[in-house]
Amino acid sequence: MLLTEIRRNQKLAAKRNPMYDRNRFAKFLIYLFTAFWAAYLILIGVTLPIAFEEGFPTMEPYDMLNACLPGFLFIDFLLRFLFPTPVQQIKPYLLLPIKKQQLINVLLVQVGLKAFNLFWLFFFVPFAAMTVVRFYGVTGVVCYALGIWLLMVANAYWSVLVRTLQRRHIVWVVLPVGCYVLLAVGGFFYSYVSDFSMALGEALIQGRILAYLGILVVIALLAFLNSRVQMACIYSELNRREKMPQVKYSGRYRFLNHFGLTGEYMKLELKMIFRNKAPKKNFQMMTVIIVSFALSLLGFSHAGEEEFFSLHLYVVYCFTGYAISILSRIMAYEGNYLDGLLMHRGSLLYLFRGKYYVYCLLLVIPLMCMLPALIWGSISVLLVFSQLVYTAGVTLPVIMLLALMNRKTAPLDASLMGKGQWNSPYQALSVAFAFFAPIAICRILFIWMEPSTAYLVCTLLGVPGIVLHPLWCKLLYRKVFQKRHSLMEDLRETR
């Protein structure tokens, strides 16, 4: 069967990867991290019904949860941007005597059968066991779990469709943004979305066939659209003509000449971001997300305890967006031309300093985007300032440590059929640290001190990293230079 053959080939490709032996411990950490979040979801699923019963005594807890289903689907939609699309996985099979349409269909089936589609059941099943079982028994729990799984499968196909289209052109970002804005407006100002979501959830619990058939129709429609879109993208990619790069505005970054060699490497970093397809796409996409999140902060006009996580997540994501999308591939992009960088002994030191300065300067963009929330909203200035300093002094240095671990070259002009975006499991761990460490620190500090004092502590945590950046950049350079031979070997093998 073609599905099992492709799955077997994918496992063999993973084992034959030069990074396979080095990534085993990191994969163990990823599995441990996944188990932690599964346990965390189970804990929330067990305790949340009590909170719903106390806060909304006139409604059943499962009705309240069903009203929030669009929010869970939105979070799941964002998480799926970490996964490759089927058109990125089909390239090794294009020369085989197999119909491309059949390959696309098999890879789309893989999307629906991914284990990640079951991950949210760690939350919904315990929740249903605490609330649904009292009225509908075990059958209601099973029917509800089946319905949630089908919704996640439909969300997977929706995510694949959006990711494929936005990789073709950044304008397609308007499609998901428009859909979720309409859902947000319908949810906050009208009750249509929440009423429909509650009715759908109750129908799933009761095991009504029409509800399951409706979701299956949506899955079939999205799978059909994906099949057509993926095929169009394949032919478009195969018929694509390479354009000769044209150098324009060679003096655009002339003001950086005042910074000597560091300024030259800052120019190199800026040219890499704005001239090459892969970093440019990441930059454009992340800019759209940062602007959207910054505008969403206007809704937190009265941020209370219940909005703590969302508020801090939005602020942290705005400041760390460029670092996790581009800087986390440090040495991976440079793997394309690392031979030239190592011709001079101190070139990597100037490269690290240049990268650090560039991404510190890029922090101005989210800061400017959050000004409306600071002026017209009630977002704390101390919160924004503390996260700005924390990102520059803690998050950026931690992510730059990936220079010691990234040993897989990332293509600068990756197409739709390019390599996956993750260089190593360490990269995923650093992204998780960048997201959740500042939120966890603030939450812990809030237990013993006032918010203003906690934000001051976060600021003080970032100051040493900023002041001592020449020292840790030099230490990082020395460690990388000591491993330069093995680093060069691995990066050359994965070009």
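The values are calculated or read from the model by the stated rules, or taken from the named source; none is laboratory data. None of these values were measured; they are calculated from a predicted model. Here the Cβ is made from the backbone with ideal geometry for all residues, glycine too, and neighbour counts use every protein chain on show. Note: accessible area is taken over every heavy atom of the protein model, side chains too, but ligands, DNA and RNA are not part of it. Shrake-Rupley method; radii C 1.70, N 1.55, O 1.52, S 1.80 Å.
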Which order do peptides 402-409, 63-70, 390-397 fall in by mean Cβ count within 10 Å, highest first?
-> 390-397, 402-409, 63-70
Would you mind putting 349-359, 332-342 in packing order, based on average other-beta-carbon counts within 10 Å, highest first?
-> 349-359, 332-342
Provide 258, 485, 469 ordered by accessible surface of protein heavy atoms (probe 1.4 Å), highest first.
-> 258, 485, 469
Taking a ≥ b ≥ c as the square roots of the eigenvalues of the Cα gyration tensor of region 113-204, is the shape rounded (a/c under 1.5), prolate (a/b larger than b/c) or oblate?
-> oblate
Residue-span extension gain [residue 453 to residue 361] - 0.36 nm each, minus C-alpha spacing = 30.5 nm
Considering only protein heavy atoms, with the full assembly of protein chains and a 1.4 angstrom probe, order 219, 50 by accessible area, largest first.
-> 50, 219
Separation in nanometres of the label points that stand 7 Å from Cα toward Cβ, at residue 206 and residue 368 = 5.5 nm
Taking a crude spin-label model, label points 7 Å out from Cα along the C-beta direction, the residue 5 to residue 228 distance in nm is 2.9 nm
